[in-house]
Each structure stands twice: as C-alpha cells, then as structure tokens.
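Structure record follows, encoded as structure tokens.
Laboratory data are not the source of any read-out in this text; all were calculated from the coordinates shown. Keep in mind it's a predicted model, so treat the numbers as computed, not measured. Here Cβ is always computed from backbone atoms with ideal geometry, including for glycine, and neighbour counts include all displayed protein chains.
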Amino acid sequence: MSSYCDVAPGHEWHGPYHDTEYGFPLRGDAELFERLILEINQAGLSWLTILRKREAFRAAYRSFDPEVVARFGARDVKRLMADAGIIRNRLKVEAAVANAKTILDLRERHGSFHGWIAAQHPLPRAEWVKRFKQTFRFTGGEIVGEFLMSTGVLPGAHRESCPVYGRILKQKPMWRTST
C-alpha cells in the first residue's frame, strides 16, 4: 500500500507540505487552529483541494487568529458562505467560529490550545477522538486522527525510511516523548 511518503515528494502541492509541514510539531494557537480548520474542511474532499485553497482560507479566516475568528458574527458567516475561494459549507464555517471560541476558553484553563493538547497527552487514538468530539465541533475519527498526526501529536505521518522522518524526530514530536 502506498503512503503519502510515496506520492507527495516532487508534487507541486503535496511535496512542500509533506517535506516541511506534515507531522512536524506545532505549538502556536494560530498554527494549530489553521490545521484543525483545514482538516475539518477536507472532510469529503481531497487534501489537494484544501492545499490549493489554503491562501484563500488564510485570508477569509484572518490568518486563523482565534481571537478574531471568535468574534465573527452573522455578517462574517454570510461573507464566508459567499467566498468561492474556500469551502462554502455552513456547518464547517460555523464550526470554525465555534472552535475559535473553544480555543479561547482552553487558553483560560490551559494557557493555549497546545497546552490543552499537552494536558491530555498521552492518550490512545480512540480517546483523543472522544476528547475532541466532546470539546470541538465537526470533529470525527478521520479529522482528529489526521489533525493529531499532522501536528506531531500522534505518530504515523511518515514512514521511518522517509528522509523527513529524521527531521521530525529532531524537533521532538509529542508522540516521541511518550515512548
């Protein structure tokens, strides 16, 4: 069975993401929020579609600043639903706003979104899914699994034989610290 490590290298869109982002640890709220929103929007679509629309997402969601997105109201939702540069799905748009508010709440209790993740760690994948579903909107098994692998919380983003794997290990991903 082929993996992302087989198909991504050299691809115009997948290559740079695979080589410099996928599986690398993220700690900033905006970075983590971006990845969560992109993973949510990928549901039912290809990752290539999301990568191609990424800059439009960044503009539409104001660089994924949770404080800004948490203040989005009905006018902003209407604007997002009319933006052909992003995925125009009301449930996904409303989830982004609700999840930004959740991140602000998590900041109060854990200092940051990353602080909340670290406070949960380590958990088996099924428990992560359960925790995310209790905390965030529009999160299921695939979304949570990809989010956690892509941000260095869970292993599996790269094969050990992939050259990127060693670079990720040097950054001490969260999954590595639990073994």
At most 11 other Cβ atoms within 10 Å and a DSSP loop assignment: could you name the GluC sites (Glu not before Pro) in the stretch 87-171 that fit?
E160
Of the candidates A98, A74, A56, which one comes out as most mobile in a Gaussian network treatment of the chain with C-alpha springs shorter than 10 Å?
A74
Cut-off 15 Å between beta-carbons: net charge of the residues surrounding D65, Lys and Arg +1, Asp and Glu -1
+1
Choice from P16, P66, P155 showing the highest fluctuation, given a GNM over the chain with Cα pairs closer than 10 Å:
P16
In what order do K130, K53 fall by count of nearby beta-carbon atoms within 10 Å, going from fewest to most?
K130, K53
Mean residue ellipticity (222 nm) of the chain, computed from DSSP H runs ≥ 4 via -39,500 (n - 2.57), nearest 500
-18500 deg cm²/dmol
Residue exposure sequence - T20, T139 - by fewest surrounding Cβ within 10 Å
T20, T139
Taking every other residue with Cβ under 14 Å from the Cβ of T139 and scoring Lys and Arg +1, Asp and Glu -1, one gets +2
Given [x] 1, 7, 14, 15, 15, 14, 12, 10, 7, 4, 1, 0; [y] 1, 7, 13, 17, 18, 16, 11, 8, 6, 3, 0, 0; [z] 1, 8, 17, 21, 20, 16, 10, 4, 1, 0, the label whose value is P(r) over Cα pairs in 5 Å bins from 0, in percent derived from this model
[z]
Before anything else, pin down the relative contact order of the chain: Cα pairs under 8 Å, at least 6 apart, normalised by residue count, whole percent.
29 percent
Quick check on the exposure proxy: order R52, R90 from fewest to most C-beta atoms within 10 angstrom.
R90, R52
Among the lysines, select those whose C-alpha is under 30 Å from the C-alpha of K101, and discard any that sit fewer than 8 residues away in the same chain.
K53, K78, K92, K130, K133, K172
